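> The structure is given below, and queries will be raised subsequently.
Every number in this text was worked out from the coordinates using simple rules, so none of it is lab data. All figures in this text were calculated on a predicted structure; none of them were measured in a lab. Reconstructed Cβ throughout: ideal geometry from the backbone, glycine too, with neighbour counts over all protein chains shown.
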Amino acid sequence: MPGRTGLTAEGVGDAEGQRTGRRDFRWYWAGQSVSVVGDQVAAFVLPTIAITAFGASSLEVGVLNMLNTGAYSLLGLFVGVLMDRRRRRPVLVASDVVRGLAFGAVPLLTLSGDSHLGMLYAVAVVAGVCAVFFNVASQSHLPTLVGPGFLGTANARMEISNTLALVLGPALGGWLVQWWGGPTALAVNALSFCFSVAGILLIRTPEPPPDAKSRNSLWQDLREGVRVLWHHEVLRRTTLASAARNFGNTAVNTVLLLFAYRALGLSAGVAGILFASGTVAAVLGAWLTVPMRRRAGTGWALLGANAAAAVWVFAPLALVLPPLPTLLVMRVVSSFSLPLWNSTVVTLRQEAVPAGLLGRVSATAGTLNFSAIPFGALLGGLAAEGLSAALGTRDGLALTLTVSGLAAGSGTLALLRRTVRSLP
């Protein structure tokens with residue numbers, strides 16, 4: 001692939017450089033592991049403060065979440081162009097510093113008596129924009145840090161941290177809010193970015209300079225990123241499959257609790273077990289990603305991981321079989337396969353795309369994938385409401401999960417081409 005040799009940073013080609021790169025990655029990984037937990041603390045605490053301190057309505061909470069997560073759809077493509085024009089490491093540091101200051105401002109404004117819902121909206125916007133810069137820069141920077149030989153393992157380890165953060169973050173956020181209050185919880189989150197900055201500043205591997213060729217216009221560079229992604233068959237097919245999976249998975253998550261409570265009559269404690277099982281399975285899947293890729297081959301690993309997303313087509317079985325074991329099996333299968341899919345797709349893109357294009361291509365893929373999420377939530381909710389009205393709650397919610405599972409796994413059809421199946 002055209003980018004395999006061009007992705008190795010200066011000094012990483014020899015054995016000493018590889019050892020340095022892996023040591024640097026451990027610092028980077030450690031800092032990010034703390035930071036992503038902080039991100040999930042903030043994702044829990046921001047709406048909690050809005051509801052408990054400012055009496056926010058459902059619409060206002062929805063707007064808050066949209067402001068925090070919608071920046072990728074609006075800015076992702078442009079950020080990708082910028083990341084291919086400059087060194088990524090300073091952007092990583094600046095993004096963390098600005099996010100830390102934004103979250104740290106909340107307890108200070110609260111102490112001064114100048115806190116209000118608009119303050120949370122502003123923090124959500126700043127944090128969301130900085131997250132776009134950080135995520136695009138991070139995906140573009142990682143190949144220059146570890147080189148292609150360790151890239152798959154590095155992405156799998158990052159996926160482990162992301163998965164654990166989904167559990168630890170809300171739990172820690174809830175504990176902090178209960179005992180110390182929401183503003184203090186955000187202060188803790190602000191401190192988490194210090195660990196991320198420290199991990200980046202401790203990196204010794206020199207970052208290659210950006211491509212020194214003459215600059216095109218912003219629009220020309222943007223179109224080039226879209227063109228490279230679209231004309232690379234494997235990247236195009238995996239990106240479309242990722243968007244379909246995000247759409248379907250979001251629809252499933254929108255409806256699953258409704259199905260558990262209203263159709264099956266499960267208690268909140270049992271539903272918690274269901275969701276916790278998914279997290280355990282996801283961590284195990286992330287840990288086993290590299291061995292599974294080596295054993296099955298990248299192509300077949302992608303096929304299996306994406307086909308597993310369609311397991312929710314069997315949701316109606318929970319109406320006739322013991323509901324908790326039935327849902328547990330589906331949750332475990334779906335969650336186990338997700339980190340294998342995510343880390344493999346990211347690694348493929350990082351290996352296939354030259355360093356000078358990686359920011360734009362990653363941002364193009366990310367924009368498409370993230371944009372599918374709000375549509376999945378909206379259409380999943382609308383489908384559940386419409387089908388429940390037509391068929392009754394039990395059958396309507398079950399059928400919604402079936403259709404959502406079909407959507408999540410529909411990208412498997414795009415992966416059946418030999419160009420994907422034969423990936424080593």
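> If the only charges are +1 at each Lys and Arg Cβ and -1 at each Asp and Glu Cβ, what is the size of the charge dipole of the chain around the Cα centre, to the nearest 20 debye?
Around 1140 debye, computed over the chain.
> Another question about this same structure. Over the chain, what is the mean sequence separation of C-alpha contacts under 8 Å (at least six apart), divided by residue count, expressed as relative contact order in percent?
Averaging sequence separation for qualifying contacts and normalising by length gives 28 percent for the chain.
> May I have the convex hull volume per residue, in Å³, for the Cα set of the chain?
141
> Among Pro325, Pro316, Pro210, determine the one that fluctuates most according to a GNM of the chain built with springs between C-alpha atoms less than 10 Å apart.
Greatest mean-square fluctuation among the candidates belongs to Pro325.
> In whole Hz, what ³J(HN,Hα) sequence does the stretch 191-206 give by Karplus (6.51, -1.76, 1.60; θ = phi - 60°), x for Gly and Pro?
After applying 6.51 cos²θ - 1.76 cosθ + 1.60, I find 5, 4, 6, 4, 5, 5, 4, 4, x, 6, 5, 7, 5, 9, 5, x Hz.
> Give me the number: length gained by fully extending Arg86 to Ser57, i.e. 0.36 nm times residue separation minus the C-alpha to C-alpha distance, one decimal in nm.
6.3 nm
> For the chain, what is the calculated [θ] at 222 nm in deg cm²/dmol (nearest 500), taking -39500 (n - 2.57) for each run of four or more DSSP H residues and dividing by its residue count?
Only helices count here, giving -27500 deg cm²/dmol.
> Distance between the C-alpha centers of the stretch 300-321 and the stretch 342-408? Whole Å please.
15
> If you wrap a convex hull around the alpha carbons of the stretch 73-223, what volume per residue comes out, as a whole number of Å³?
142
> Cα convex hull of the stretch 223-421: how many Å³ per residue?
Hull volume over Cα atoms, normalised by residue count, gives 116 Å³.
> Per 5 Å bin, what is the whole-percent P(r) computed from every C-alpha pair distance within the stretch 193-307?
For the stretch 193-307, the pair-distance distribution reads 2, 8, 9, 11, 12, 14, 17, 13, 7, 4, 2, 1, 0.
> I've got another one for you. Which of the peptides 165-171, 317-323 is most tightly packed, and how do the rest follow, going by the mean number of other Cβ atoms within 10 Å of each residue?
The peptides rank, most packed first, as 165-171, 317-323.
> Whole-Hz Karplus ³J(HN,Hα) for the stretch 230-240, in order, using 6.51 cos²θ - 1.76 cosθ + 1.60 and θ = phi - 60°, x for Gly and Pro?
Karplus-based 3J(HN,Hα) across the stretch 230-240 equals 5, 8, 8, 4, 5, 5, 4, 5, 5, 5, 5 Hz.
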